[in-house]
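A short worksheet on the structure shown next.
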Amino acid sequence: MKFSSKISLLLICLTFVNLAWANEKMDSAIINFVQSKAMKDARVGVCVLDIKENKMLSSVNKDSLIIPASITKTISSATALKAWTPSYKFKTEVSIDGIVNFGTLDGNLIIKAGLDPTLESRHFAEDYSFVTQCVKAIKYAGIKKIKGKIIIDSDIYPEPTIPACWDDSDIAEEYGAGAHALNYADNLCSIIVDLSGHKARIIDTIPHQKRLRIDNRMSISKERKARRYPSAFRKKNSCKLTLKGDLRRQEMPIEVFTTTPDPADALSCDLKDVLSFEGTTVEDKNLKRGLVSQHLLTYESPELKDIVASLLERSDNMFAEAVLRTLGIDEQGVTSRQNSIDNEYRILTEWGVDTTGQILYDGSGLSRSNHYSPAFLASILRNCQVDESLGGIFPTLFPKVGMEGTVKKLLKGTPLEGKLVLKSGSMTRVQCYAGYYPLEDPKYVVVMMTNGFKCNHETLKKQIERLFLELFI
């Protein structure tokens, strides 16, 4: 045997020895985690997949269907990047449908919604304001008076905004903002409440809204134990918000943060106010849509890759749902949740992912109807990474443990800080993580999913940190 052949054979043997050692090490880490007191009576699934070899190195219950929570955002993000490319931008069109004579528009201002989740978002504050661009375009067209209305064309997404399986108790919470045809200011608003008198008084809403109806059930209490803030409740797809609670009297008004039931209404009110301030009046007359149309503005969002990085870091449900809805846009320019899910499955199948028995219901993971296995998600993350059309960009969009987003406190100060990237998913008795290691030239996909644990959060965190350290260090 030639010397070079002996060296090659030796390297192959060493590779198998290293793989066997790595597998044994990972098996031990996973067994320690599953058998820990923190996981007693819990449903657990863990897997580590070799990206290059497409080989499952170690796992437990890898094919079990488990509630995933927000790691679902990785699937909607991956499939949207594949469908539209990382440089894709949402577009919102602005036009008028009448004739302009001597500064007066005898018609309406039309804003054609395009699902963009970033319009006036505080998370992209450095980008040029949509409202400001609208005002500039209207001024440039020489319009000083609009006889008609500001009309939001929401034809792209005509069905109810909030998925049926989302819980009503989530809808008024900041994380419960659903995606609309037109999204505005993160679909969130502030209710300003005066608690200085004998009765709780609602002073204002920011942004202003015409359709929002507030059922004020708040009362003022002299008790020291009285609450500072009321509870807020709104049923899905309803414009009625209920505020209630015995509240502490105080001189300064308070802000109650909640979701906006109709972002299109909020945008219309804000735009009308700004136009008035700038000297352009909107008379709000009921005029028929005219045959004449003049384009004023095409507003483009940041690139999809930047939107995905933002939503994964912050675990933004509204952004994720908007990204998912792009998958369902048909030839008529209309989308639906079901079309979006169907096309999501289609892309996964084209990647060679076995979708049999896996249940995807929404794009954010807020619904407990989502059920899928660790192996299913690991296969998706692996295929997204090796897809040449995406150029290996996906892992760079994940938050780094110990440094960013919802995993900022996880593994901080350990050898994995900044090297392991993970998307977290959590809700009551649900904790999941999925991502890549290492960030530079990823070798592994890792997925950890657990439901029904009974330990406290600190105990759970310690066991999860131990798992990842034993897997990769």
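The values are calculated or read from the model by the stated rules, or taken from the named source; none is laboratory data. Predicted, not measured: the structure shown is a model, and the values here were computed from it. Every residue, glycine as well, gets a Cβ built from its backbone with ideal geometry; the counts of neighbours run over all protein chains shown. Remember, those area values only see protein heavy atoms, side chains included, never the ligands or the DNA or RNA. Shrake-Rupley method; radii C 1.70, N 1.55, O 1.52, S 1.80 Å.
When you scan region 71-78, do you find a residue that is modelled with pLDDT of 95 or more and open to solvent by 30 Å² or more (accessible area, probe 1.4 Å), even just one? No, region 71-78 has no match at all. Scanning region 426-473 for residues that are of a type in the set (Gly, Ala, Ser) and out of contact with any Lys or Arg (no Cβ under 8 Å at 6 or more places or on another chain) returns a single hit, Ser426. Filtering region 419-457 down to residues that are surrounded by fewer than 16 Cβ atoms within 10 Å (Cβ to Cβ) and not charged (D, E, K, R), which residue is farthest from Asp167 (Cα to Cα)? Here the residue is Pro438.
Pairing each residue of region 335-363 that is touching a residue at least 12 places away in the same chain (Cβ under 8 Å) and at positive phi with any residue that is open to solvent by less than 40 Å² (accessible area, probe 1.4 Å) and basic (Lys, Arg), provided the two are 6+ apart or on different chains, yields no C-beta distance under 7 Å. Considering the conditions (1) among the aliphatic types (A, V, I, L, M); (2) out of contact with any strand residue (DSSP E or B) (no Cβ under 7 Å at 6 or more places or on another chain); (3) surrounded by 18 or more Cβ atoms within 10 Å (Cβ to Cβ), Val274 is excluded by exactly one of them, (3). Whether any residue in region 13-25 is at pLDDT 95 or above and surrounded by 16 or more Cβ atoms within 10 Å (Cβ to Cβ) is what I want to check. No, the conditions are met nowhere in region 13-25.
Which residues, taken from region 145-167, are closer than 23 Å to Asp270 by Cβ and in contact with a helix residue (DSSP H, G or I) (Cβ under 9 Å, 6 or more places away or on another chain)? Result: Ile146, Lys149, Ile150, Ile151, Ile152, Ser154, Ile156, Tyr157, Thr161, Ile162. Please indicate, with yes or no, whether at least one residue in region 145-160 is among the acidic types (Asp, Glu), more than 30 Å from Asn370 (Cβ to Cβ) and part of a strand (DSSP E or B). Looking through region 145-160, at least one residue is among the acidic types (Asp, Glu), more than 30 Å from Asn370 (Cβ to Cβ) and part of a strand (DSSP E or B). Pairs meeting the criteria (first residue in region 228-244 and touching a residue at least 60 places away in the same chain (Cβ under 8 Å), second residue assigned to a strand (DSSP E or B) and open to solvent by 60 Å² or more (accessible area, probe 1.4 Å), beta carbons under 8 Å, at least 6 apart or on different chains) are Phe233/Lys244; Arg234/Lys240; Leu241/Arg213; Leu241/Phe233. Listed by position, the strands (runs of 3 or more DSSP E) inside region 167-240 whose residues that are hydrophobic (A, V, I, L, M, F, W, C) number at least 3 are 188-194, 201-206, 213-221. The set of residues from region 30-56 being surrounded by fewer than 19 Cβ atoms within 10 Å (Cβ to Cβ) and within 30 Å of Asp387 (Cβ to Cβ) comprises Asp50, Lys52, Glu53, Asn54, Lys55, Met56.
Taken as a whole, the condition of being open to solvent by 10 Å² or more (accessible area, probe 1.4 Å), in contact with an Asp or Glu (Cβ under 6 Å, 6 or more places away or on another chain) and closer than 21 Å to Ile307 by Cβ applies to Ser87. When restricted to residues that are modelled with pLDDT of 95 or more and within 13 Å of Asp262 (Cα to Cα), region 172-204 contains 13. Cβ-Cβ distances below 9 Å connect the following pairs, each with a first residue in region 162-176 that is more than 13 Å from Ser369 (Cβ to Cβ), a second residue that is small (Gly, Ala, Ser) and at pLDDT below 95, and a separation of six or more residues or different chains: Ile162/Gly178; Ile171/Gly178. Within region 343-402, restricting attention to residues that are among the charged types (D, E, K, R), in a helix (DSSP H, G or I) and open to solvent by 10 Å² or more (accessible area, probe 1.4 Å), the residue that is farthest from Ser426 (Cα to Cα) is Glu388. Screening Asn339 on (1) in a helix (DSSP H, G or I); (2) under 30 Å from Gly103 (Cα atoms) shows it passes everything except condition (2). Being in a loop (DSSP other than H, G, I, E, B) and of a type in the set (Val, Ile, Thr) is the filter; apply it to region 404-438 and report the residue that is modelled with the lowest pLDDT. This residue is Thr428.
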